[in-house]
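**Q** Pasting a structure here, questions to come.
Just so it is clear, none of the values below were taken in a lab; they were calculated from the coordinates. Note that the structure is predicted; figures quoted are calculated from it, not measured. Cβ coordinates were reconstructed from backbone atoms using ideal geometry, including for glycine residues, and neighbour counts include every protein chain displayed.
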Amino acid sequence: MMNDRSWLLKSWDAFGALRSRSEGTWVKRCGRRACEPILVGFVSLVLLTIPIYAQAPVADTIFIGEFLTLDPAHPTAEAVAVSAGRIIATGSQSEVEARATKDTRRIKIDGFALPGLADAHIHVAGVGEQLERLDLRRLTKAEILAKVAEAVRSSPSGSWITGGGWDEGFWHPSEFPTASELDTVSGDHPIALSRIDGHSTWVNSKVLALAKITGDTPDPEGGLIRRNAAHEPTGMLVDHAQRLIRGVVPAPTPADEERRIQIALRQFSRWGLTSVHDAGVGLEAISIYKDLLKRGELPVRVYAMVTGEEAINRYLASGPEPDLGSGMLAVRSFKLFLDGALGSRGAELTDAYSDAPPEHGLELMKDADLERIVRAAHQRGFQVNTHAIGDRAVRRALDAFEKGGVTPNERFRIEHASLVTNDDLPRFVHLGIIASIQPVFVGEYSRWAEDRVGSSRIHWVLRTRDLLNAGVSLAAGSDFPASDSGEPIATLHCLVTRQSAAGKPEGGWYSDQAVSVDQALRMMTAGPAYAAFQEKELGTLSVGRYADFTVLSANPYQVASDDLRTIAIRMTVVAGRVTFNAGGH
């Protein structure tokens with residue numbers, strides 16, 4: 001390859017020859033005075049071009065190791081050169097070393113580097129909160145009650161005890177819990193334990209009394225107070241009924257919110273995440289993100305989905321913020337909730353629940369309100385991301401998008417899309433709607449989904465391969481803490497094996513919906529990038545893109561599918577900066 005100096009000299013010689021010919025040929029054609037502006041313009045163009053090429057960027061850091069770029073043109077590399085947070089060269093180590101100077105730093109990676117793993121749907125502050133409270137995942141009811149009793153013994157009298165992650169799918173019989181069961185271990189403590197989906201809360205009698213929830217309390221719109229045969233509250237509050245205890249549960253302070261966000265962001269780096277889509281934030285959280293960005297304390301890229309009437313109206317007035325600092329923070333989408341969760345029987349179904357025939361789920365937003373926000377967002381350049389789990393909610397979202405004139409250019413999203421009918425599959429493609437899916441739901445759904453929807457509808461549930469084969473754009477996330485795991489390695493494992501994060505059931509749940517390792521990795525890299533309008537900046541390890549990558553302990557293409565969940569995170573890099581190093585150096 002020609003070096004900068006030789007290119008400069010040859011270009012100058014060529015220009016001299018051309019200048020001589022121009023005096024003998026061009027001038028004869030148009031006259032010296034007429035040709036003079038052309039010559040001046042050409043000289044200017046060449047002079048402008050020379051320094052741009054001569055000043056090709058040099059590497060401030062070179063990473064050396066095994067890279068799986070997911071770039072079809074250059075699928076592997078031995079080294080990656082980085083300058084100012086972006087990739088400036090990939091290839092063999094000798095090729096990339098040509099970009100080095102005496103000041104270039106070299107970092108050897110121990111493992112296999114992939115484009116930075118992303119989570120297209122997670123709840124950042126919720127993750128931080130979950131790490132601070134009782135974790136009830138995968139526990140039997142007896143184990144949960146024992147854990148609560150232990151917390152009661154070690155907590156000040158009358159203080160609140162909170163936790164989350166319980167799933168009646170692990171219990172026998174698999175039935176919703178009651179306040180009276182919590183009362184046996186709670187003493188004088190108010191106790192509130194959220195279900196794994198975050199769409200229902202199990203409370204004790206003290207909480208019901210503090211919130212003045214009685215047999216006469218009506219169900220709020222979009223919510224359900226579960227009741228016994230005597231019409232008395234059982235201690236289960238579903239969806240908007242959870243708002244009835246907001247006035248008595250201690251609200252987090254701004255300091256609490258910031259601490260939880262920071263705890264979560266540090267955890268994400270340890271999990272190998274380089275970017276996350278925070279699925280529902282208000283003005284306070286956005287302010288915290290902006291402050292962290294200003295202080296240089298944002299280790300993970302955040303694509304924030306605005307939620308809540310006040311925040312949405314504020315942003316409709318001010319407009320999108322697509323890039324608030326080298327791609328580290330973007331606020332250009334709205335998060336809406338159309339229904340609840342399948343496990344709590346809040347997901348909106350066209351036909352009744354198979355295990356509760358009178359129930360069809362909950363409508364959390366009216367069609368008129370949905371259509372109004374879709375129109376306003378469309379006009380102001382915002383993406384709309386709708387939570388829709390049940391088949392009726394998915395159809396209502398598609399109907400509203402179609403009615404609002406949405407095209408593939410807007411990249412509107414349906415978050416979860418857990419039950420999609422055959423008729424609605426092609427509508428995703430026609431409208432360009434992205435399905436933002438949570439593969440780790442396979443664990444929960446394998447425990448009770450068939451009970452909820454029956455054998456005639458079960459093939460609509462979490463139909464990943466069907467969506468992919470239909471041509472739907474997919475972005476994978478975890479919905480953590482409203483799922484079994486937030487670790488991206490669990491997402492990879494679930495996509496490929498159709499097993500839970502814990503490896504159940506053996507052989508996978510409806511394994512015909514499994515995908516290949518390559519397809520899974522693209523749903524976790526390029527998929528979220530496209531869903532966030534960042535496909536030119538992220539998703540592959542290519543020249544010009546941000547230097548975000550995740551280093552794994554093994555090559556996922558060469559690991560047996562059942563062993564994918566044993567892969568460890570060795571290093572996480574965002575914009576060329578190491579945010580996590582398992583080696584500690």
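**Q** Please give me, ordered by residue number, the GluC sites (Glu not before Pro) of region 266-315 that lie in loop per DSSP and have at most 13 other Cβ atoms within 10 Å.
**A** Values: sites: E284, E297, E309, E310; in loops: E297.
Those satisfying the criteria are E297.
**Q** Cα gyration tensor of the chain, axes a ≥ b ≥ c as square roots of the eigenvalues: rounded (a/c below 1.5), prolate (a/b > b/c) or oblate?
**A** Values: a/c = 2.24, a/b = 1.95, b/c = 1.15.
Prolate, because a/c is 1.5 or more and a/b exceeds b/c.
**Q** Right, next: What whole-number distance in Å separates the alpha-carbon centres of region 493-510 and region 117-163?
**A** Each part reduced to its Cα centre gives a spacing of 25 Å.
**Q** Pulled fully out, how much extra length does the chain show between E506 and E175, if you take 0.36 nm times their separation in residues and subtract their Cα-Cα distance? Walk me through the intermediate numbers first.
**A** Numbers: separation 331, 0.36 × 331 = 119.16 nm, distance 2.41 nm.
Going from the current span to full extension adds 116.7 nm.
**Q** Nearest 10 degrees is fine. How inclined is helix 309-318 to the longest principal axis of the chain, computing both from alpha carbons?
**A** The angle comes out near 20 degrees.
**Q** Suppose R0 equals 22 Å. What FRET efficiency, 1/(1 + (r/R0)^6) with r the Cβ-Cβ distance, do K212 and S155 give to the nearest 0.05? All intermediate terms of the calculation are to be shown ahead of the outcome.
**A** On the way: r = 24 Å, r/R0 = 1.09.
Result of the calculation: an efficiency of 0.35.
**Q** Using only helices, what value at 222 nm comes out for the chain when you add -39,500 (n - 2.57) per DSSP H run of length 4 or more and divide by the total residues, to the nearest 500 deg cm²/dmol? Mind showing how you got there, number by number?
**A** Details: 19 runs with 206 residues, N = 585.
So the helix-based figure for the chain works out to -10500 deg cm²/dmol.
**Q** I would also like to ask the following. Please give me, ordered by residue number, the trypsin sites (Lys or Arg not before Pro) of region 459-562 that lie in loop per DSSP and have at most 10 other Cβ atoms within 10 Å. Let's see the in-between values first.
**A** Values: sites: R463, R465, R498, R522, K536, R545; in loops: R463, R498, K536, R545.
Passing sites in region 459-562 do not exist.
**Q** Okay, moving on. Ranking T579, T421, T386 by Cβ neighbours within 10 Å, fewest first, what do you get?
**A** On the way: T579 21, T421 16, T386 29.
The order, fewest Cβ neighbours first, is T421, T579, T386.
**Q** Hey, another quick one. Can you spot the aspartates and glutamates whose alpha carbon is less than 20 Å from K212's alpha carbon? Ignore those fewer than 8 places along the same chain.
**A** Partners within reach: E181, D183, D188, E221, E232, D239.
**Q** Let me ask you something else. Sort 121-132, 446-457 by the packing proxy (mean of other Cβ within 10 Å over each peptide's residues), most packed first. Don't skip to the answer; put the middle values down first.
**A** Working: 121-132: 22.8, 446-457: 17.7.
Most protected by this proxy first, the peptides run 121-132, 446-457.
**Q** Okay, moving on. Could you tell me how many degrees, from 0 to 90 and to the nearest 10, lie between the Cα long axis of helix 141-154 and the main elongation axis, the longest principal axis, of the Cα atoms of the chain?
**A** Relative to the chain, helix 141-154 is tipped by roughly 90 degrees.
**Q** Still on this structure, I have one more. If each residue of separation counts as 0.36 nm, what is the full-extension length gain between E321 and R270 once their alpha-carbon separation is subtracted? Numbers along the way, then the final one.
**A** Numbers: separation 51, 0.36 × 51 = 18.36 nm, distance 2.79 nm.
Net length gain for the segment: 15.6 nm.
**Q** Between region 458-484 and region 557-585, what's the alpha-carbon centroid distance in Å?
**A** Measuring centre to centre over Cα atoms gives 24 Å.
**Q** Could you tell me which of rounded, prolate or oblate describes region 426-575, using a ≥ b ≥ c as the square roots of the eigenvalues of the alpha-carbon gyration tensor, with rounded for a/c under 1.5 and, failing that, prolate when a/b is larger than b/c and oblate otherwise? Walk me through the numbers on the way to the answer.
**A** Values: a/c = 2.07, a/b = 1.28, b/c = 1.62.
Here region 426-575 falls in the oblate category.
**Q** Related question: For the cross-link pairs K335/K366; K147/K206; K108/K290; K206/K366; K290/K335, which exceed 22 Å when the distance is taken from alpha carbon to alpha carbon? Please list the in-between numbers first.
**A** Numbers: K335/K366 15 Å; K147/K206 18 Å; K108/K290 33 Å; K206/K366 33 Å; K290/K335 19 Å.
Those over the limit are K108/K290; K206/K366.
**Q** Can you pull out the trypsin sites (Lys or Arg not before Pro) in region 333-406 that DSSP calls coil and that have at most 13 other Cβ atoms within 10 Å? Show your work: numbers first, answer last.
**A** Values: sites: K335, R345, K366, R372, R375, R380, R392, R395, R396, K403; in loops: R345, K366.
Within region 333-406, the qualifying trypsin sites (Lys or Arg not before Pro) (loop, at most 13 other Cβ atoms within 10 Å) are K366.
**Q** Skipping prolines and chain starts, which residues have an amide H placed within reach, meaning under 5 Å, of the one on G280, given they are 5 or more residues away or on another chain?
**A** M305
**Q** Relative to the longest principal axis of the chain, what angle (0 to 90°, nearest 10) does the C-alpha long axis of helix 254-271 take?
**A** 60
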